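Where a number appears in this text, it was derived from the coordinates with a stated rule and is not lab data. All figures in this text were calculated on a predicted structure; none of them were measured in a lab. Note: ideal-geometry Cβ built from the backbone for every residue, glycine included; neighbour counts use all protein chains shown.
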Amino acid sequence: MVSKVLVANRGEIACRILRACSEAGLQTVAIYAQNDARSMFVELADQAVELTGDSIGETYLDQNQILSIARSTGADAIHPGFGFLSERADFARAVSQANIQWVGPSPEAIEQMGDKMTARITMRAAGVPVIPGEEIEQEDEDEALAAIESASHRVGYPMLLKASSGGGGKGMRAVHAPEDLIEAAKGARREAIAAFGDGRVYVERLLTGSKHVEIQILADRHGRTIHLGERECSVQRRHQKVFEEAPCATMTPELREAMGQAAVAAAEAVDYEGAGTVEFLLAPSGEFFFLEMNTRIQVEHPVTELVTGVDLVREQLRIAAGEPMSCGPLMIRGHAIEVRLYAEDASNNFLPAIGPLAVFRPPEGPGVRLDTGVREGDEVTPNYDPMLAKLIVWAPSRSEALQRMRRALDEFVVLGTTTNIRFLRELCDEEEVITGHTDTTTIDRLWPNGWAPSIARSTEDAALMAAAIGESAGLHRSQVQVSEDTQGPTSPFSTLNRRYP
């Protein structure tokens, strides 16, 4: 039995988990760093305990402190969310050893799938197709570089060097010619050591023009492992997803079944328990290859929830409590799209931005969902990931969902810091996105020299900012001065009339 859950995370995912716990009738404990004291997730919890320390390592990554708080508050379960300690096998093991229920898979499963080379070997043995490549086990740099060079002759170019303990694009290098190999390998190793403390990299064939498609799985202690269909996450910048949808626009029932069964086989190969995601590359030929398995809830899980009707966090809690999952046969209804709203300058290589959320007014209406941990008046700082929110829409068809997303982004007003809203809105009008023929190179191909906002939208942003500044200063909109090119019935002031009446 589980009665009180400590959420070992912050921000929007902490809010998401806390709400699911409340709906399940469970008591909750939030932990927070001093600079998060006024955050939304702290207010949502039944009980909140401040972490001592200043850095992330001294707060949200301090395993001993978190376990101590769990004991002192009487929490009998810990949900790690995503990021931070969610895929740390040593933390999962410590939680279990403290007789506290870990809401997630076993430490052994996390270890097997967390090390990318071990995962490739395990998947190959389970009959799951993996990308052609070779594992490089040598840790000494000279030996590793020699082994990588030897493997390159068998794998061929172009190729991808990937950190064995990697994620989020760190420790990854594309290599297109032999003369670039050694320098790229050294760079990948340096980055991997800095990010993960593990410099091992392996070699994979670089598959161009492929889609990034992942399968959501659930497994309980009663011998049942199922898949809940796919999400497409091909549209990425710097190897990080920004636009996700379910189902995949080009998926067939036969391919879904084949990929789903491969994902189930992957989970069963490591005796998986809970919610997890098996990621694949889907080649233009229709072949698919295992990329990795994420042993946690995914950022993009809401699109699966909206098309299947399954509350994935609630299922995680059920499974952790020893109950059988409540899901029936897979049924996909309609189409869902998610975009990630970041505080970043999309026109400057997506550089993170900081500043106050002077105005934060999300869209509303049928089929619109917002997962966020911020609100108007909060401050965006450099301390944490710059993702502000996930905007998710559902509609009966893909074209309707895309139009609903356009409308929602048009209504979304965030002022005080730079965001990627305009970039996301323009993305929705690109032909590749409209037709669903996206792949992992879409953003780089559409904007090879970087994205820049249109003049009209830049003018609208300026007008909106002027209105917000005037509003905060107690001025009426008519007192805010803007240039003549912003006037007219279709000018930004028609938008202002709606947003700042």
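At-a-glance table
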quantity: Largest-first principal axis extents, alpha carbons of region 207-333, Å; calculated: 43, 27, 26
quantity: At most 12 other Cβ within 10 Å, DSSP loop - GluC sites (Glu not before Pro), region 56-165; calculated: Glu137, Glu139
quantity: DSSP-assigned coil residues among GluC sites (Glu not before Pro) in region 255-346, each with at most 16 further Cβ atoms within 10 Å; calculated: Glu287
quantity: Positive-end residue, the chain charge dipole about Cα centroid, Cβ charges, pick of Ile13, Ala48, Leu26; calculated: Leu26
quantity: Environment charge at Val368 (Cβ cut-off 11 Å; Lys +1, Arg +1, Asp -1, Glu -1); calculated: +1
quantity: Cα convex hull of region 1-48, projected area averaged across orientations, nm²; calculated: 2.9
quantity: Theoretical ellipticity at 222 nm over the chain - DSSP helices of four or more residues, -39500 (n - 2.57) apiece, nearest 500; calculated: -10500 deg cm²/dmol
quantity: Counting DSSP beta bridges with both ends in the chain, the antiparallel % (nearest 5); calculated: 80
quantity: Backbone N under 20 Å from the Glu400 label point (7 Å along Cα→Cβ), restricted to region 292-308; calculated: 303-308
quantity: Within the chain: Cβ-based charge dipole about Cα centre, in debye rounded to nearest 20 (Lys, Arg +1; Asp, Glu -1); calculated: 1060
quantity: For region 132-205: relative contact order, % (alpha-carbon pairs under 8 angstrom, 6 or more apart); calculated: 41
quantity: Relative contact order computed over the chain (Cα-Cα under 8 Å; 6+ residues apart), in percent; calculated: 13
quantity: Largest-first principal axis extents, alpha carbons of the chain, Å; calculated: 69, 57, 45
quantity: Rotationally averaged projected area of region 4-103 (alpha carbon convex hull; nm²); calculated: 5.4
quantity: Computed magnitude of the charge dipole of region 30-166 (debye, nearest 20; Cβ of K, R +1, Cβ of D, E -1); calculated: 580
quantity: Region 374-413: trypsin sites (Lys or Arg not before Pro) in DSSP loop, at most 15 other beta carbons within 10 Å; calculated: Arg375
quantity: Those lysines that a straight Cα-Cα span of less than 25 Å connects to Lys241, excepting residues fewer than 8 apart in one chain; calculated: Lys116, Lys162, Lys170, Lys211, Lys390
